[in-house]
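Reviewing the structure listed below.
The values are calculated or read from the model by the stated rules, or taken from the named source; none is laboratory data. This one's a predicted model, so the numbers in the text were calculated from it and none came from an experiment. FYI the Cβ positions are ideal-geometry reconstructions off the backbone, even for glycines, and counts take in every protein chain you see.
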């Protein structure tokens, strides 16, 4: 039995074997393993008596349930119209230049992944960036650089 199998069994024991447990189990795996591997989704399907397609369909629907490996620090820039109007494109360009990657990519050292998100819930304070679980509102290019440089030191 793999570590992933053990993690899934533990999460199912904690949350229950019902269909309603799917989201907390998926979130628990992402929290521990940083993404949902094919192995994890199959183990979840088996433990919850669901089809693998049902588990994958749910996982791939939600932006924050990554089904691909990500960097240690996942940067998500809001791409709503309000953040767009406040300069989100400039922020994305600055981050791409700084990290030498495009949106959707991970740095070669696996420290950073750059993504966009449909809404981070901070429309009144845009442009907004989320790094892991930390929100950074009212960004400028200079602020974005300083924030990422701090993460790079960790």
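Structure above, values below:
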| read-out | value |
| --- | --- |
| Criterion violated by residue 95 - all others in (1) surrounded by 19 or more Cβ atoms within 10 Å (Cβ to Cβ); (2) not in a helix (DSSP H, G or I) satisfied | (2) |
| Among the candidates 29, 103, residue that is free of Cβ contacts under 8 Å to residues at least 60 places away in the same chain and outside the structural domain of residue 145 (by TED's automatic domain parsing) | 29 |
| Conditions (1) closer than 24 Å to residue 21 by Cβ; (2) surrounded by fewer than 16 Cβ atoms within 10 Å (Cβ to Cβ); (3) touching a helix residue (DSSP H, G or I) at 6+ places or on another chain (Cβ under 8 Å); number of the one not met by residue 90 | (1) |
| Candidate set: region 19-38, residues that are within 11 Å of the chain's Cα centre (by Cα) and closer than 20 Å to residue 49 by Cβ; chosen: the one surrounded by the most Cβ atoms within 10 Å (Cβ to Cβ) | 36 |
| Only one of 74, 103 that is touching a strand residue (DSSP E or B) at 6+ places or on another chain (Cβ under 9 Å) and part of a strand (DSSP E or B) | 74 |
| Flag if residue 131 is in contact with a strand residue (DSSP E or B) (Cβ under 6 Å, 6 or more places away or on another chain) and in the same structural domain as residue 77 (by TED's automatic domain parsing) | yes |
| Residue in region 89-101 that is farther than 25 Å from residue 154 by Cβ and modelled with pLDDT under 90 present | no |
| Residue satisfying condition, being over 30 Å from residue 151 (Cβ atoms) and at pLDDT 90 or above, within set 40, 59, 53 | 53 |
| Index of the failed condition, residue 119 passing every other in (1) part of a loop (DSSP other than H, G, I, E, B); (2) in contact with a helix residue (DSSP H, G or I) (Cβ under 8 Å, 6 or more places away or on another chain); (3) surrounded by 13 or more Cβ atoms within 10 Å (Cβ to Cβ) | (2) |
| Lone qualifier among 54, 66 - being touching a helix residue (DSSP H, G or I) at 6+ places or on another chain (Cβ under 9 Å), closer than 22 Å to residue 92 by Cβ and outside the structural domain of residue 108 (by TED's automatic domain parsing) | 66 |
| Some residue of region 54-64 being surrounded by 15 or more Cβ atoms within 10 Å (Cβ to Cβ) and in contact with a strand residue (DSSP E or B) (Cβ under 9 Å, 6 or more places away or on another chain) | no |
